[in-house]
Structures are given as structure tokens and as C-alpha cells.
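Worksheet: one structure, shown below.
The values are calculated or read from the model by the stated rules, or taken from the named source; none is laboratory data. Since this is a predicted model, take the numbers as computed values, not measurements. Note that we place each Cβ from the backbone using ideal geometry, even for glycine, and neighbour counts take in every protein chain shown. Note: areas computed on protein heavy atoms with side chains; ligands, DNA, RNA excluded. Shrake-Rupley method; radii C 1.70, N 1.55, O 1.52, S 1.80 Å.
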Amino acid sequence: MATQTTYQYKPLYKPNQLLYGTGQTAVVTGWTMKQAIAKKLHPHEYAAIGQLYSPTRGISFLIRNLLANPHVRFLVVLNATKEDKNAGAGICLLDFFRYGFEKGYSDTGRETWVIRSEITGYIDIEITAEALEILREAIAYQEASSINEAVSCVRSFAAKDIEPWGVPLEFPITEATPTVLPGVRYGHRIEGKTIAETWVKIIHRIKTTGTIRPTGYDGQWQELIDLMAIVTDEPEDFYFPEPNYLPCSKNFIQEYVSQILDDAPYQEGVKYTYGQRLRSHFGRDQIEQVIQKLIKDLDSARAVMSLWDVEDHQDNSSPPCLNHIWVRVIENELSLTATFRSNDMFSAWAANAMGLRALQRHIRNEIAYRSEHNLRMGPLITMSQSAHIYSDCWENAEQVIQTEYPKICQQRDYNDPSGSFVINIQDSQIVVEHMTPGTGEVVNCYSGKSATQLYRQIAAACPALQVEHAMYLGTELQKAETALSLQQDYQQDKPFILVTSYK
């Protein structure tokens with residue numbers, strides 16, 4: 001009896017994200033944890049097992065690894081069905097083998113191979129078409145609708161012993177290196193009316209000044225520490241721009257919201273959902289506890305929900321990113337603050353925020369239904385302790401910034417919570433009155449002869465001034481100083497016109 005040949009899988013990319021053995025079958029688990037399949041197999045039965053999240057970024061790395069390991073002759077893809085809302089990458093991968101590819105452009109305008117699929121998927125143009133066609137012919141693929149079916153497929157392939165289709169192939173890869181401007185690393189505050197607007201501001205802030213650091217996932221990310229994002233006016237049914245530049249759709253959000261609000265039953269290969277952590281993981285329904293606590297005591301500062309389990313320190317496979325939720329009622333307004341230890345701001349934050357906003361509205365509605373408290377929806381606040389963008393999203397992030405950030409800048413209003421300022425010249429001095437927002441009550445008055453003297457007073461008294469407001473004040477104060485020194489008239493918000501008298 002002949003001895004079956006064994007090979008060691010050698011990934012060129014993302015090695016720490018894969019489990020690999022000595023077989024001839026690669027297994028793609030989608031969003032199902034790879035360990036759920038690996039524990040039912042022996043290493044000699046599979047070549048590699050890995051998860052696949054993104055058709056636009058992940059498939060290209062997967063194909064590069066397959067080209068570098070020509071002994072892999074079989075592919076098993078789990079849950080690649082339209083019924084599974086997270087299966088887009090798996091469907092697109094199978095469509096590559098079924099229908100092929102053609103030359104085209106990515107959504108950022110980069111030349112690429114586009115997979116012939118209803119799901120948008122890209123392959124790096126540096127990989128030759130000849131190599132891709134060889135791979136399509138060389139690998140037999142099989143869909144599996146469950147973990148057990150995937151295991152059966154792998155074992156049936158393991159009984160076969162086929163020669164490698166050729167020699168390992170490796171192709172150059174183009175990696176973008178961002179330009180980082182100097183800036184504050186710790187403690188950021190970003191505010192927007194909608195989640196979409198706030199998301200664009202977040203992406204711009206991180207890509208402008210974020211520190212580039214290695215990740216635990218075979219790559220880099222650009223990161224800011226402790227970023228607070230405040231969303232003030234998100235509509236009930238969520239705002240999606242047209243065309244939609246967010247990395248999530250309305251259909252996805254409908255599914256995602258249920259993962260936060262509902263106690264999902266255990267599914268093999270899915271470690272937890274946020275809803276399960278909130279509803280039952282600790283033996284108590286924390287959402288219900290918060291609702292009851294606020295009905296009894298609307299001023300309570302103890303309306304807290306926790307998702308971190310101390311056992312998460314020992315089990316490092318996939319601890320929750322969302323750790324803490326705090327709900328507060330002030331002046332009949334219910335706000336929600338959520339703390340993330342680690343937050344993928346490009347791909348995940350918008351969906352996270354919409355899910356949390358839905359939770360905030362659920363709590364508000366339940367309080368209104370069960371009591372006489374008809375609360376207003378206050379802001380949604382997220383605290384992202386590690387706010388980052390992965391390197392494989394940098395190109396897309398730059399595209400969003402180029403197309404959307406200028407529009408948002410044009411739409412900005414200057415309703416500074418710190419108040420407004422009226423500038424006049426009186427008795428040979430510049431006089432600045434500081435007024436409250438809304439009512440216009442004068443709360444302070446500053447006077448002096450120079451713009452420098454005044455802006456230092458105002459900066460000391462009002463450290464939270466918005467940047468645009470502070471720059472505007474500096475411009476107006478300098479204009480007032482010039483008018484004072486030349487004994488000319490000064491009018492706030494009006495162009496300065498030098499009047500020359502002739503004798």
C-alpha cells in the first residue's frame with residue numbers, strides 16, 4: 001500500500017490568521033470560527049483553515065497563498081449561501097472558480113481583476129491572468145452548509161492523493177504608505193449630527209494623525225488612543241447617504257441590530273453575540289435591569305451593562321471589543337455611552353453605532369411604555385480606546401476622505417456649545433462680550449488693545465472652543481486691532497475697508 005504524500009502549507013500572507021496542516025484541502029469558514037472545524041479534524045487532513053470576511057480585500061490574499069502552495073487541490077467553503085447575510089465573501093470566492101474574472105477598476109479607481117459575481121470582489125492586478133486561470137482549473141471546490149458537512153467534505157478529499165499542479169508562484173504586491181501629520185495621540189473628541197457624518201470625520205482624523213503600528217493579525221493599522229465620538233441627531237430609521245458610502249447596508253443593519261437586542265441561541269462556530277452577552281451570559285438580562293433601574297430612579301448613575309468577562313483574559317481567541325455600556329438621563333434626555341477596548345473604525349464602527357442607537361431607543365421606548373417618563377433621545381457616545389483603521393482599508397479610507405470630507409466641511413455650522421462672542425471697539429479698547437448659546441445671556445467680558453492679549457484671555461477662560469470658532473475669533477480680533485490702531489471703524493463679520501482722508 002502506497003504512503004500518502006504530505007505537504008506543509010506555507011502561507012506568504014496573514015500566517016497568524018490561519019490554522020495549517022499537511023493535507024491538500026483549504027477550508028474557508030467565512031465568519032464561523034476556524035477552531036470549530038479544526039477541532040473535528042486532524043492536521044494531516046487539511047492544508048489550511050481560515051476565516052474570510054471581505055471580498056474586496058481578503059480574496060486576493062487567499063489566492064496569493066493558494067498560488068504559493070500548489071499542493072492544495074481542494075477547497076471547501078462553509079455557508080456560502082445567499083440566505084446567510086455574512087456570506088458575501090464566500091459566494092464571491094466560489095464565483096471566481098465558477099465564472100472567472102475580468103479586468104476592471106476598484107471603487108477607488110485602481111486597476112484590478114474584478115470577479116464575475118453579484119458580490120463585488122477584487123484580485124490584485126499584479127497576479128497574472130494565466131496564473132489565475134491555472135488555479136481555477138487546478139482546484140476542485142465544494143460548498144458546505146454546516147460544520148459537520150464541511151468536515152465530511154474535507155475527509156473525503158483527504159482520501160485522495162493528487163500531485164501538485166505546478167511550482168509555487170509569488171507575485172509583487174503594492175502597499176500604500178500613508179503620510180502622517182503631527183498631532184495628539186491620546187484623547188480626541190469628534191461630533192456629528194448623524195452616524196454617517198461622524199464616521200467620515202473619524203476616518204479623516206485617524207488617517208491624518210494616527211500612529212502606524214503593527215497588529216496581532218499580520219498587518220498594520222493606523223491608530224488613535226481614546227477617541228470619543230458623539231452623535232446628536234441620528235434619525236429613528238437611520239440615515240444612509242445616497243450614494244451610500246458607508247461600509248454597511250440597511251439590510252445588514254436590520255440583521256445586526258437583532259444581534260445586539262436579542263439573546264441569540266448558541267450556534268456551533270459562533271462564540272457569542274453582543275445580545276447574548278447582555279441578555280444571558282452572566283445569568284441576568286442586563287438590558288431589562290437597566291430599564292427597571294431607570295424607571296425606579298430616573299437620576300440613577302448606576303444604569304450599567306458589562307460585556308467583559310474575567311475569563312476573557314484566559315481565552316484569547318476572540319474576546320468582545322464592546323466592553324461597557326452606561327445609560328444616563330439628564331433633563332429628561334436619555335444618552336448612552338459605550339466603551340470599546342478595540343474598534344475597527346472603518347469597517348465596523350458605523351454598524352456598531354447603529355446597533356447601539358437601536359439599543360438606546362429600545363430602552364427609551366420601554367421606559368415610556370411602562371412608566372410616565374416620556375424621555376427625549378439624547379446623544380449616542382462611543383469611547384474607542386484603540387480607534388484604528390487596518391492597512392488593507394487605507395486606500396478605501398482615503399477615497400472616502402477625498403470625496404466626502406470636503407462636503408461635510410461645507411455643511412458645518414458654528415453653533416459652539418461654548419457660546420458666541422460679540423466684538424466692538426469702545427473707549428479706545430477692543431471689548432469682547434461672551435454670551436451663552438441660545439439665550440444670548442452675557443456671562444463674561446474681555447477688554448484690551450491687542451488681539452494677542454484678548455485671545456489669551458478667551459483661551460484661558462474657554463478651553464473647549466471649537467477649532468473653527470477659535471480661528472474665526474483670531475481673525476476678527478486681529479481685524480479689530482488693525483482698525484483700532486488706524487482709528488478706523490470696525491464691524492464684526494464685515495470686510496475691513498481702509499478709509500483715507502485727503503486734504
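Here are the numbers for this structure:
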item: Area of I123 that stays accessible when all protein chains are in place (1.4 Å probe, Å², to 10); result: 0
item: Restricting region 47-137 to GluC sites (Glu not before Pro) in coil, as DSSP defines it, with at most 12 other Cβ within 10 Å; result: E83, E118
item: Listed residue pairs exceeding 23 Å between alpha carbons, taken from K250/K293; K10/K34; K103/K250; K207/K479; result: K250/K293; K103/K250; K207/K479
item: Residue-normalised accessible area of region 383-467, expressed per residue, 1.4 Å probe, Å²; result: 55
item: Computed over region 332-415, the ratio Rg/Rh where both radii use C-alpha atoms and Rh is Kirkwood; result: 1.09
item: Separation in nanometres of the label points that stand 7 Å from Cα toward Cβ, at E126 and S280; result: 4.8
item: Axial C-alpha extent at least 18 Å, average Kyte-Doolittle at least -1.0 - helices from the chain (DSSP); result: 195-209, 349-370, 467-485
item: Two-decimal Rg/Rh across region 128-235, once Rg and the Kirkwood Rh are taken from alpha-carbon atoms; result: 1.21
item: Packing rank of 297-305, 225-233, where each peptide gets the mean count of other beta carbons within 10 Å, highest leading; result: 225-233, 297-305
item: Alpha-carbon Rg with Dmax, taken over region 21-113, Å; result: 13.9, 44
item: Accessible surface of the chain, 1.4 Å probe, proportion on carbon and sulfur as whole %; result: 50
item: Centroid-to-centroid separation of region 1-54 and region 431-503 [C-alpha atoms, Å]; result: 67
item: Calculated over region 308-366: convex hull of Cα atoms, volume per residue (Å³); result: 100
item: G448 long-range amide H proximity, modeled H, under 5 Å; result: I430
item: Antiparallel DSSP beta bridges within the chain, as percent of all bridges there, nearest 5; result: 65
item: Directionally averaged projected area (convex hull, Cα atoms, the chain), nm²; result: 30.9
item: For region 251-372, diffusion coefficient by Stokes-Einstein and Kirkwood Rh (Cα), 4 °C, 1.567 mPa s, µm²/s; result: 85
item: Two-decimal Rg/Rh across region 1-160, once Rg and the Kirkwood Rh are taken from alpha-carbon atoms; result: 0.96
item: Cα-only Debye scattering, region 172-256: base-10 log of I(q)/I(0) at q = 0.13 Å⁻¹; result: -0.57
item: Total charge dipole magnitude, the chain, about the Cα centre, Cβ charges on Lys, Arg, Asp, Glu only, Debye to nearest 20; result: 600
item: Shape call, region 148-306: gyration tensor on alpha carbons, a/c limit 1.5; result: oblate
item: Amide H contacts under 5 Å for A48, placed H, 5+ residues apart; result: G21, T25, A26, V27
item: Accessible solvent surface per residue of region 60-147, calculated while the other protein chains remain in place, 1.4 angstrom probe, Å²; result: 40
item: Mean-position separation - Cα centroids, region 392-425 and region 323-377, in angstrom; result: 25
item: Charge tally in the Cβ shell below 15 Å around L224, where Lys, Arg are +1 and Asp, Glu are -1, L224 excluded; result: +4
